[in-house]
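Visitor: Sending over a structure as structure tokens; questions will come in a sec.
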Amino acid sequence: MVVINIKVSEIFLDENIFLERIIERLEKDTESVTSLLDIFTSSKVGLNNDKLIDNIENLKDNFDRKEILCYLRDIKNNIFLSSELEVYNTNHSNYNSVILIFRILMGNIQIVNNEKNINSHSDVVSQMFQGTIKLTDEDKVLETIQVGAMNNFISEFYQCNETSSITDLYNQNRKFYDSLLNEFLQFYYYQNKESFFSAFIHLYRIYEYISYVFPLIYVRNNQVYEESYNSLQAFFKENGKELSFFSTFIRTTFIKDPYINEELYNENYSIDLTPEECLTIKTHLGSFLTKFNQTRMKTNDSYLDGVQNGVKNERYTYLDVENNKLNISTLDMHDFIILLRNKTCHFKMNHKDNITLNSASFDDLFSLLNPVILNWISNIFKYIVFKSFR
């Protein structure tokens, strides 16, 4: 049996000490003798990392001491874990799969199993259009990225007056989020073993798993009931199948929302390739990409006519051989993931466009594609959580 634990990265030692000091001093100073500013200032003496300082100092302008103390305790218990947390021990008082998924996707916690550590140092959720989950090994760069991602998460999803919201979100669908966490852990496990095709299978399982639930969560948290009704009605138009349901949600809601990116309509993932990797893609995916782009072009042109005054693109998803890049349009990502799975996992005699690899492996292929698929899924997850609080 594989036992998987999670522990906070050691780079957050200063932040942990800083929070402990503030909490201790606020608990002792019940008479409000010392100003909040003095407590914050004295608590960071001797500490080098102050990435989270500004977020905490700004609290004093908006909340009273009792609220701030509750907030900091919540952050300390849920974000800066005091010990390793066993992933499947859901009876732990601070267990929350929503938070754990975010932490894993931000790359700022360590996953430990009974074989070895699985360390993913890359933040794949804070930015859209990421084409890699591998970053430089320079510790200083990694620390800046990880701590920055943590700061963004606390600022955006863990505000003082909303600390219970993310707990409520988890409690409403514990089984769903626990299962989702397990699939993400399985993905990272196989990705770390360089079994990239196996890792992709878990990404696809995630995609199918969220395809029905996420649109419903979105509708449930939309306070404008007429809009909710219209959205739900639109999602069900395409014969009720889960991925068709999800496709409508992606097309009509996700990629249109300014929270994601105002320029999302005509953006793409650009994957840098070595000449050898480019040749592999050309040899084994060339005809697939050409046919896929031809099939999607009319739909994309028609869609952009309605949102960007006739902006068109001759090629949306294509291999740029001259510059050694694979470009996948965000308008195509949903269909690309599904069709890619069908063409690799199915091998039907009557289908001439099956993807078969003669001089490469599926691991070679998905080592390149998994990062962008993970980034796409991560930002859908981020969007749903964000909308749950707004």
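Visitor: Just subtract the alpha-carbon distance of SER302 and SER287 from 0.36 nm times their residue separation and send over the number in nm, one decimal.
Guide: Value of the extension gain: 3.0 nm.
Visitor: In nm, give the distance between the simple-model label positions of ASP29 and CYS345, each being 7 Å from the Cα along the Cα-to-Cβ direction.
Guide: 5.6
Visitor: Heavy atoms only, probe 1.4 angstrom, no DNA, RNA or ligands counted: give me THR317, THR252, THR163 ranked by accessible area, highest first.
Guide: THR252, THR163, THR317
Visitor: Quick one: order LYS60, LYS28 from most to least accessible surface, probe 1.4 Å.
Guide: Largest accessible area first, the residues go LYS28, LYS60.
Visitor: How high is the FRET efficiency between TYR88 and THR144 when r is their beta carbon distance and R₀ equals 41 Å, given to the nearest 0.05?
Guide: 0.80
Visitor: While we're here: Figure the gain on full extension for ASP168 and LEU13 (residue separation times 0.36 nm, minus the Cα-Cα span) and round it to one decimal in nm.
Guide: 53.0 nm
Visitor: Using a Förster radius of 51 Å, what is the FRET efficiency between ASP272 and SER42 based on their Cβ-Cβ separation? Nearest 0.05, please.
Guide: The pair ASP272/SER42 has a calculated efficiency of 0.60.
Visitor: Continuing with the same structure: For PHE386 and LYS175, calculate 0.36 nm times their separation in residues minus their Cα-Cα distance, and state this gained length in nm to one decimal.
Guide: This chain segment gains 73.9 nm when fully extended.
Visitor: Would you list TYR158, TYR190 from the most to the least accessible area, probe 1.4 Å?
Guide: These residues rank, largest area first, as TYR190, TYR158.
Visitor: Sticking with this structure for a sec: Could you tell me the accessible area of TYR303 in Å² (1.4 Å probe, neighbours in place), rounded to the nearest ten?
Guide: 40
The values are calculated or read from the model by the stated rules, or taken from the named source; none is laboratory data. In this text the structure is predicted, and so the values were computed from the model without any measurement. When we count neighbours, we look across all protein chains shown, and the Cβ atoms used for this are built from the backbone with ideal geometry, even at glycine. The protein model used for the area step is the full one, side chains on, heavy atoms only, and it has no ligands, DNA or RNA in it. Shrake-Rupley method; radii C 1.70, N 1.55, O 1.52, S 1.80 Å.
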